[in-house]
Amino acid sequence: MYTQSMDNMSPEEIREQAAAKKMLRSAEDLQAEQSFEARIDAGDFIEAKDWMPEHYRKTLVRQISQHAHSEIVGMLPEGNWISRAPTLKRKAILLAKVQDEGGHGLYLYAAAETLGTSRDQLLDALHTGRAKYSSIFNYPTLTWADMGVIGWLVDGAAIMNQVPLCRCSYAPYARAMIRICREESFHQRQGYEALLTMMTQGTPAQRDMVQDAVNRWWWPSLMMFGPPDAESPNTAQSMRWGIKRISNDDLRQKFVDATVEQAKVLGVTLPDPALRWNEERQHYDVGPIDWAEFWRVVGGDGPCNRERLAARVDAWEDGAWVREAALAYAAKHAQQEQAA
Ligand code: FAQ
């Protein structure tokens, strides 16, 4: 009987057929890649089921999962102060903010999962120290003023970076970011308002506490935007693909320009003797950022890296019974449905 089975083909024919298939596939891939690039150039959004280059997919999983981890780890420095908030009003606000951050992490994990990586894989990468999260959350929260400064500076920097992500070319990420940015804006304002209250109605000791917190958080906040463009390996390709819309340095500059004016209203001094308006550039100049400190913190050796990771691993292990109960409930439900 005539057959095209591989068994009946000579090794030479098998090689030829494989080469022909490979050529066909690479021609198809090339066409898919060209149409993907054309969609990116036209400003189209890419959906989860659309064809995408493997590197685009990996870049998104990397960025979105790091972002999700940052939100979840970012709950820890503030969670530390929920039980010590000075009034019921401040406690309710802080509780809501920390809950929002948990929610942001969940939207973002869900967005990363649409790219074919499971939640378990993402969390395993965090817990084993293979995944990054924002450097900023490896600094300690020493006083109540740190809560206000995190809202003002850290959420302020986060919004500056995240508003352009609402136009990210990957639609599920862009959609998650729209919702997140609305909440971040409330976070920034509540922080600023808490600081303004302390600065305008507080005691000299409270004003000193605010200044001390600003001194400690200013430089790490500038580092949140990532390394300078010239040393950022991912920026060029991410901007080409419309994942990032504005470079690290440009976002950092926008943040500085906006924040200096807010500091004046607040009555605090930003801890940078070189900070001054540059008439020619129409921007503020800043002094040198300590990039060695940044890389040390990103590399795992910041003031709280070990503590943060240990807290996340403990939370995961302590929550095992919840996951088991949820699975048992789902299995029982499925059995009951089958029986009905
Ligand atoms: N910390 O080539 P680039 C928040 C890494 S959410 C640690 O420039 P890229 C809300 C980077 O991953 C804050 N690592 O990288 C909140 C890369 O390493 P890799 C998080 C950093 O991706 C507020 C390497 O350095 N926001 O705060 C950092 O093009 C208050 C080279 O860098 C987001 O994640 C850093 N700061 O640009 C919660 C936003 N910067 O992966 C609680 C989305 C860089 O090659 C309380 N992410 N690295 O091994 C982004 O926009 C980008 O990923 C950047 C980095 C801009 C962070």
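The values are calculated or read from the model by the stated rules, or taken from the named source; none is laboratory data. Remember, it's a predicted structure, so these values are computed and weren't measured experimentally. Please note: Cβ atoms are built from the backbone with ideal geometry, for glycine as well, and neighbour counts cover all protein chains shown. All accessible areas refer to the heavy atoms of the entire protein, side chains included, with ligands and DNA or RNA removed. Shrake-Rupley method; radii C 1.70, N 1.55, O 1.52, S 1.80 Å.
Quick grid of which residues meet (1) among the aliphatic types (A, V, I, L, M); (2) open to solvent by 80 Å² or more (accessible area, probe 1.4 Å); (3) free of Cβ contacts under 8 Å to residues at least 40 places away in the same chain:
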| position | (1), (2), (3) |
| --- | --- |
| Glu279 | no, yes, yes |
| Glu293 | no, no, no |
| Asp301 | no, yes, yes |
| Ala315 | yes, no, yes |
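Of all residues in segment 223-239, those that are among the small types (Gly, Ala, Ser), in a helix (DSSP H, G or I) and near the ligand (Cβ under 6 Å from one of its atoms) total 1.
In the set (1) at pLDDT 95 or above; (2) more than 29 Å from Gln188 (Cβ to Cβ), Gln338 fails one condition alone, (1). Mind listing whichever residues of segment 268-311 are under 18 Å from Gln66 (Cα atoms) and aliphatic (A, V, I, L, M)? Val297, Val298, Leu309, Ala310, Ala311, listed by residue number. Listed by position, the helices (runs of 4 or more DSSP H) contained in segment 276-340 that have at least 2 residues being within 16 Å of the ligand (Cβ to nearest atom), closer than 21 Å to Thr141 by Cα and not basic (Lys, Arg) are 291-298, 305-318. Residue check: Ile246 meets all listed conditions (1) open to solvent by less than 60 Å² (accessible area, probe 1.4 Å); (2) within 11 Å of the ligand (Cβ to nearest atom); (3) in a helix (DSSP H, G or I) but one, namely (3).
Every residue, every condition in (1) at pLDDT 95 or above; (2) farther than 30 Å from Asn305 by Cα, yes or no:
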residue: Tyr2; (1), (2): no, yes
residue: Glu16; (1), (2): no, yes
residue: Ala19; (1), (2): no, yes
residue: Leu24; (1), (2): no, yes
residue: Glu33; (1), (2): no, yes
residue: Ala42; (1), (2): yes, yes
residue: Leu60; (1), (2): yes, no
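For Met177, the conditions (1) within 12 Å of the ligand (Cβ to nearest atom); (2) touching a Ser or Thr at 6+ places or on another chain (Cβ under 8 Å) all hold with the exception of (2).
Residues considered: Thr114, Thr143. Of these, the only one that is farther than 23 Å from Asp314 by Cβ, modelled with pLDDT of 95 or more, touching a strand residue (DSSP E or B) at 6+ places or on another chain (Cβ under 9 Å) and β-branched (Val, Ile, Thr) is Thr114. Of the helices (runs of 4 or more DSSP H) contained entirely in segment 42-140, those carrying at least 2 residues that are more than 9 Å from the ligand (Cβ to nearest atom) and either surrounded by 19 or more Cβ atoms within 10 Å (Cβ to Cβ) or aromatic (Phe, Trp, Tyr) (or both) fall at 54-73, 88-113, 119-127. Against the criterion of being touching a helix residue (DSSP H, G or I) at 6+ places or on another chain (Cβ under 8 Å), more than 10 Å from the ligand (Cβ to nearest atom) and not β-branched (Val, Ile, Thr), Asp208 does not qualify. Can you name the residue in segment 204-243 that is of a type in the set (Phe, Trp, Tyr) and under 15 Å from Gln63 (Cβ atoms) and, of all such residues, is surrounded by the most Cβ atoms within 10 Å (Cβ to Cβ)? Restricting to residues being of a type in the set (Phe, Trp, Tyr) and under 15 Å from Gln63 (Cβ atoms), the top hit is Phe225. For segment 259-273, the criterion of a residue being in a helix (DSSP H, G or I), surrounded by fewer than 19 Cβ atoms within 10 Å (Cβ to Cβ) and of a type in the set (Val, Ile, Thr) is satisfied by at least one position.
Within segment 142-173, take every residue that is free of Cβ contacts under 8 Å to residues at least 40 places away in the same chain, part of a helix (DSSP H, G or I) and surrounded by fewer than 22 Cβ atoms within 10 Å (Cβ to Cβ) and give me the one that is farthest from the ligand (Cβ to nearest atom). Before you say what the answer is, go through the steps one by one.
Here is the first cut: in segment 142-173, the ones free of Cβ contacts under 8 Å to residues at least 40 places away in the same chain are 155, 159, 162-163, 166.
Applying the additional criterion that residues be part of a helix (DSSP H, G or I) yields 155, 159, 162, 166.
If we keep only those that are surrounded by fewer than 22 Cβ atoms within 10 Å (Cβ to Cβ) as well, we get 159, 162, 166.
Values: Ile159: 9, Gln162: 6, Cys166: 12 Å.
Here the answer is Cys166.
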